[in-house]
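I have placed the structure first, in the form of structure tokens, so that the comments after it can refer back to it.
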Amino acid sequence: MNRKSIVKTIFKSAEWTIFAVVVIIVSLAFYLVQPVKSNRVLFLPAGTGATIIAYLHRSGIDANGLDRYLLRFFGYPQQGWIDIGTTCLTKADFLYRLTHAKAAMTKVKLIPGETRVIFFDQLARTLKLDPKKLDNAYRRYAPYPDGVIWPDTYFVPMGITEEHLVYHLIKRSMARHERLSKKFFGTYNEKKWFRYVTIASIIQKEAADTREMPLVSAVIYNRMKKGMPLQMDGALNYGKYSHVKVTKRRIDEDMSRFNTYKYTGLPPSPVGSVSLDAIKAAIKPANVDYLYFVKGKNGKHIFTKRYKTHLRNIKSVNK
């Protein structure tokens, strides 16, 4: 073959190569703009790109062998639950979001006054978790049976385990307790602080509103000062009894230290979660000499120092 023929063959081969490259690029570009339908929130298992693509394919999403190679150009795929933001997007955008999307989060609002039992029932329903596993984890990490978890709005990653969720809640809540203690007292003594939380937890359940909280707090301190039993139903609304009406039978049969009709002083630990207002009231009760209160017909409480007046108030309310 002469020189001219060799050059011609090389150019012809190059032309075919360029043509092939152009075809591949055009085909790839066409492929990457094809629509993909997906759930907005996806679960990606741990493993290689091939493992993730195979899992998505089994889940009914248009993902195939080519995607496992293309995925490498977009980055390393996430793990766990992710939020890709939409349900219909191009193949290129879909592969990009598999590697860059944020974790899917669920908002959970925990209300002051509720017990850990109620919190865990709520979390179990919202996040599809096992309440028993939540409770077991709590017992391992929390220093007190209740009142540790700070009521707040939390954004929780979907797919989180019971162990990690409880650890996160307790770690964050205990840090909050410590910050508040240092704000009010300049120091943090866990035992001393949770004594205030215990008082606040009773206030939280007894007071009709935030304005009553310092008054209820005063009654608690005044009764303890005189050696009187607190005799507050809210203390018996602990654990699973959070929303159970306190009856005479319940008072007679409950032998726990939470029964402030049978025992003087405070319960051994908080009876539920507390708000900042309840904490403030526990630290600084109203300067009044009240010893009794009863709920009036308007839902507010009537406070008094004298027992005879208290009996008249009860009679008036029950008319």
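Taken together, the values in this text are just the output of simple stated rules run on the coordinates, not laboratory data. Please read all numbers here as calculations on a predicted model, not as lab measurements. Counting neighbours? That spans all protein chains shown, and the Cβs are built from the backbone with ideal geometry, glycine included.
Loop-resident trypsin sites (Lys or Arg not before Pro) (DSSP state other than H, G, I, E or B) in segment 126-161 with no more than 12 further Cβ atoms inside 10 Å of their Cβ: K128. Near the amide H of V36, within less than 5 Å, lie the amide hydrogens of L89, T90, K91, all on another chain or at least 5 residues away, with H placed in the peptide plane.
Take every pair of alpha-carbon atoms less than 8 Å apart whose residues are at least six positions apart; their mean separation over the length of segment 105-183 yields a relative contact order of 39 percent. The spacing between segment 165-223 and segment 224-289, judged by their C-alpha centroids, is 13 Å. Angle of helix 91-100 to the longest C-alpha principal axis of the chain, folded into 0 to 90 degrees and rounded to 10: 50°.
Angle, helix 65-74 long axis vs. longest principal axis of the chain, Cα atoms, 0 to 90°, nearest 10? Roughly 70 degrees between the two axes. Stretching the chain fully between M158 and S27 yields a gain of 43.5 nm (0.36 nm per residue, less the alpha carbon separation). For segment 135-291, relative contact order (Cα pairs under 8 Å, six or more residues apart, normalised by length) works out to 33 percent.
Local charge for V156 was computed over the other residues whose Cβ lies under 14 Å away, with Lys and Arg +1 and Asp and Glu -1, and equals +3. If a paramagnetic tag sat 7 Å from the Cα of Y144 along the Cα-Cβ line, which residues of segment 276-297 would have the backbone N under 17 Å from that point? Once the point is set 7 Å along Cα→Cβ of Y144, 276-285 turn out to lie under 17 Å by backbone N, inside segment 276-297. Computed from the Cβ-Cβ distance with R0 of 41 Å, the FRET efficiency linking K102 to D252 stands at 0.15. Principal-axis analysis of the Cα atoms of the chain puts helix 131-141 at an angle of about 80° to the longest axis. Counting only DSSP H runs of at least 4 residues, each contributing -39500 (n - 2.57), and dividing by the residue count of the chain, the helix-based mean residue ellipticity at 222 nm comes to -16500 deg cm²/dmol. The local environment of K300, defined by Cβ-Cβ distances under 15 Å, has a net charge of 0 under the rule Lys, Arg +1 and Asp, Glu -1.
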